[in-house]
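Report on the structure given below.
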């Protein structure tokens, strides 16, 4: 059976519709699972329809690739921790970029032998190669920074912006040379420059901006896929690439706005000297001026509170404390305490990171509130329990104009009557900036692993 003409177009139309419904579903936790299913079925239909086209004459390599890819993907999905999801996304983006480069080179070699190269096709090859190459190396650098293989500090040197501009201009010049004179060497030079430029664009960016960088690279991978779709004459690939490209760009804008940053400033310069979650900073081992509290103290105040707001962060994700937090919330509610969960847009280095973890623990969606909705509630909260959410609760973003995070919208935890902050140590957050919240009179730190502390709280609450 082969699909041609109207049948293939219909299959691609249905696939594109399912992709759009999938993106729509991902806009809310309640519909996210359904959105994933839509996207999965859309991709399955797209693959089946494509392999049934007359252009496919042999299935040996296709079957081998599907089996190998499915095996690797399944193993990764089963083993990957949510805390490692951002770097996994970055790594997957690099594959898309590399694919765009390989497809462009392969297409050029094929058409040059048959003498069917056109100016339009060569322009598509040029665009696909430089976007793909930048995406490939840029994503690898982002992966290295998130994984801790490369330092999270901005690697800045004098004249880097001028160098990047000169490389970009040279790349455009070589692209014109390629288009006018059909010189394969010029295309290879474009690829080499783009690979280098991808590295140079990302290494100056600090750890605090990595979530936005990953989102931007997601957008780049979409445009690379769209360029590949033009090269191969595949309409569905063009549509899918455009969807990914635009959605990634919109998400980057939303995230940069949530961090009070402009996308251009992120691309052109570094921000934050932190090494990531494990990095040390000023006062990393200094507890002077900080009040500490025992688990029993926190439990007593929460059990006698009217409203408790729980703020999960990267520390909760690392410790996998979401299930213990859910049990803690259930016990508090059984005692007549109102419990809300507060989520910052970029908590956990990735949008939706905390939402997914809380959904995994079966926390009801109507208990989870976004920053804009929950911030007015902190003034009426008896207790705010912060579980490893550092930068997104730092009052310096509002009060200290000299702070690198000044102007970033935060959760107004500091307005709660009493704050208990579960933290392993005094290490700063991902931005490398010390949290001024620790030194407020209404804040007490509960040191320890988030999961163990929450489990101990559960035990104490049950005994109360």
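Quick note: the coordinates plus some simple rules give every number you see, no bench work behind them. Keep in mind it's a predicted model, so treat the numbers as computed, not measured. Using ideal geometry, Cβ is built from the backbone for each residue, glycine included, and neighbour counts are taken over all protein chains shown.
Shape analysis of the stretch 1-79 yields a ratio of the Cα radius of gyration to the Kirkwood radius, Rg/Rh, of 1.06. Evaluated on the chain, the Kirkwood hydrodynamic radius is 24.2 Å, with distances taken between all distinct Cα atoms. Seen against the Cα atoms of the chain and their longest principal axis, helix 60-79 is set at about 10 degrees.
Summarising the strand pairing of the chain, around 0 percent of its internal DSSP beta bridges are antiparallel. In the chain, helices alone account for a calculated mean residue ellipticity at 222 nm of -19500 deg cm²/dmol, with every DSSP H run of four or more residues adding -39,500 (n - 2.57). Counting neighbouring beta carbons within 10 Å and listing from fewest to most, the residues 356, 383 come out as 356, 383.
Cβ-to-Cβ counts within 10 Å put 424, 33, 158 in ascending order as 158, 33, 424, the fewest first. Taken along the Cα-to-beta-carbon direction at a fixed 7 Å, the label points for residue 28 and residue 425 span 4.3 nm. Listed from fewest to most Cβ neighbours within 10 Å, the set 408, 82 follows the order 82, 408. Taking the convex hull of the alpha carbon positions in the stretch 295-463 and averaging its projected area over all directions gives 8.5 nm². Computed from the Cβ-Cβ distance with R0 of 51 Å, the FRET efficiency linking residue 9 to residue 440 stands at 0.25. Principal-axis analysis of the Cα atoms of the chain puts helix 29-51 at an angle of about 20° to the longest axis. Protection proxy ranking of 308-316, 106-114, 11-19, 414-422, by the mean of other Cβ atoms within 10 Å over each peptide's residues and highest first, is 308-316, 414-422, 11-19, 106-114.
Each part gets one Cα centre, and for the stretch 91-111 versus the stretch 8-83 those centres are 19 Å apart. For the stretch 1-149, would you read off the P(r) tail past 26 Å as a percentage of all alpha carbon pairs? Considering the stretch 1-149, 44 percent of its Cα-Cα pairs are separated by more than 26 Å. Remark: relative contact order (the chain) = 15 percent; criterion is Cα-Cα distance under 8 angstrom and separation of 6 or more residues. If one takes the longest principal axis of the Cα atoms in the chain, at what angle in degrees, from 0 to 90 and to the nearest 10, does the Cα axis of helix 235-258 lie? Value to nearest ten degrees: 30.
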